[in-house]
Structure formats: C-alpha cells, structure tokens
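Rule-based calculations on the coordinates, nothing more; no lab input. A quick note: this is a predicted structure, and the numbers were derived from the prediction, not measured. Cβ: placed from backbone, ideal geometry, glycine included. Neighbour counts: every protein chain shown.
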Amino acid sequence: MARKKIIAGNWKMNMTPSQAVELVNTLKPLVANDEVDVVFCVPAIDIIPAMEAAKGSNINIGAENMYFEEKGAFTGEISPEMLVDAGVKYVIIGHSERREYFAETDETVNKKVLKAFEHDLTPIICCGETLTQREQGVTIDFIRQQIKIAFLNVTAEQAAKAVIAYEPIWAIGTGKVATTEQAQEVCKAIRECIAEIYDDATAEAIRIQYGGSVSASSAPELFAQADIDGGLVGGASLKPDFGAIVNYNK
Ligand code: PEP
C-alpha cells in the first residue's frame with residue numbers, strides 16, 4: 001500500500017497564542033489537501049488555541065517536544081498525558097536544536113520515543129548529520145547509529161507507525177537544501193536500517209520525511225523520491241508558502 005505523505009510544520013519558538021490563532025486561520029484554506037497528513041507542531045502554549053482555531057479543518061496540531069516521565073518534579077516540562085488531553089497526536093522528538101541547545105542525546109530520544117508510544121502519540125523522530133560528518137563521509141554510519149538507538153525496545157508494530165525526519169543539520173534554517181539525490185540516498189538508507197532492525201513490512205510502512213530549508217520550489221522534486229514521504233518544514237511553515245508545500249502535488 002502506498003504510504004500517505006506527511007507534511008509537518010515546525011514553528012520552533014515563534015508565535016504568541018494570539019498570533020498562532022491568526023496564522024492557523026490564514027493557513028487553514030491554503031493547506032486543505034486531504035491527500036496528505038498535515039501537522040502544525042507548535043509551542044506548548046499555543047497548542048490549545050491553535051487546536052481550537054484548527055477545528056473542522058484537516059490540520060493536526062502537534063507538539064515540538066515532551067518529557068519522558070509521567071508527571072512530577074520536572075519544572076518547565078510537558079508530559080505526554082498533557083499532550084494527549086489537549087488532543088495532540090504527533091510530537092517532534094530529538095530535533096537537532098534540542099540536541100544542540102538542550103543536551104538531548106540518542107538515549108533521551110529513545111526514552112521519549114518509548115513514552116510517546118505508551119501514550120499512543122506518533123513521534124516524529126529527528127536525525128541528521130553535521131557538515132563535518134558529511135564531509136568526512138560518515139553520514140550514513142552516523143544516521144544508522146541515531147536510528148538504532150532511537151528505536152531500542154520499540155516494537156515492530158510501533159515502529160511501523162513512527163515518522164522519521166531526516167534533517168541534515170547544515171541544511172536547517174540555512175537556505176541550503178540537500179540535493180534530491182543526497183536526501184533520497186539517506187532516506188533510503190534509513191529505510192534499509194529499519195528493515196534490518198525489524199523486517200521489510202515495517203520498513204515499507206514507516207514514513208520518512210526530509211527536512212532542511214524545504215520551500216515551495218524544492219518540495220515537488222523532493223517529495224517525488226521513492227523513500228521521501230513528505231517534509232518537516234521550519235521557516236516556510238510560518239508563511240503562506242506552506243500552502244504551496246502542502247499542495248506540492250497539485
Ligand atoms: C526544522 O526546523 O526542522 C527545519 C527543517 O527548518 P527549516 O525548514 O527552516 O530549515
């Protein structure tokens with residue numbers, strides 16, 4: 001069965017609650033495309049107002065992060081139960097900015113992935129190499145390591161429902177998009193890694209996004225690749241351009 005594309009916006013630390021409502025209202029008619037799953041991953045404080053504003057549309061509101069404990073003395077963190085209660089279905093885990101600025105590791109990513117599945121949340125699991133790693137020819141080895149640790153103790157049934165976002169760090173927010181060949185090569189390697197860990201059926205089912213300066217002009221070619229099942233979009237998800245990205249197939 002063909003995999004349904006999933007195109008997610010990552011708002012990062014942008015948009016106050018009232019701006020979030022305005023942006024959802026602006027984008028609502030522009031992202032109407034039932035052939036793809038559309039997700040807006042928004043700051044925690046925007047989740048409830050954005051959810052209200054998105055009611056009746058095809059927009060799913062997701063989170064940008066969550067903690068791996070159930071509840072308790074973890075000041076400032078958001079629990080999976082809080083997300084579920086707010087109606088969230090998708091959560092970004094291990095974005096490179098979380099790894100770089102907030103000391104997230106492959107091990108904490110794995111804990112969060114396991115916890116997300118415990119609560120029936122779909123994790124959008126981020127991986128990606130630095131420019132040095134790419135230049136040294138260790139990209140695939142590095143990504144395979146990130147994937148293997150992220151999926152430790154995750155069952156095949158859970159893995160089949162996961163989303164992986166391949167985001168070369170050098171392409172995030174820089175305007176430098178990986179070439180279609182580079183993006184497809186790594187997404188294919190990720191699928192092969194999933195097949196090795198699990199089986200071919202799981203690898204065929206899992207959705208793999210490309211992320212890194214995706215724009216309305218680069219999206220159609222990227223999303224046409226055999227192993228690229230959509231995108232994780234930062235900057236362009238805050239603009240009407242996101243409508244053109246979501247409607248890349250029209
Ligand atoms: C991201 O934040 O995941 C991202 C890919 O950002 P941008 O599209 O701005 O490069």
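Some notes on this structure:
- With at most 16 other Cβ atoms within 10 Å, longest stretch of the chain clear of loop chymotrypsin sites (Phe, Trp or Tyr not before Pro) (DSSP): 103-250
- Using alpha carbons only, the radius of gyration of segment 96-250 set against its Kirkwood radius gives Rg/Rh = 0.95.
- Each Lys and Arg adds +1 at its Cβ and each Asp and Glu adds -1 at its Cβ; summed about the Cα centre, the chain shows a dipole of about 440 debye.
- Note: relative contact order over the chain, using C-alpha pairs below 8 Å and six or more positions apart, is 21 percent.
- Only helices reaching 30 angstrom along their own axis (Cα) with mean Kyte-Doolittle hydropathy no lower than 1.6 count here, and not one DSSP H run of the chain does.
- Antiparallel %, DSSP beta bridges [both residues in segment 88-225], to 5: 0 percent
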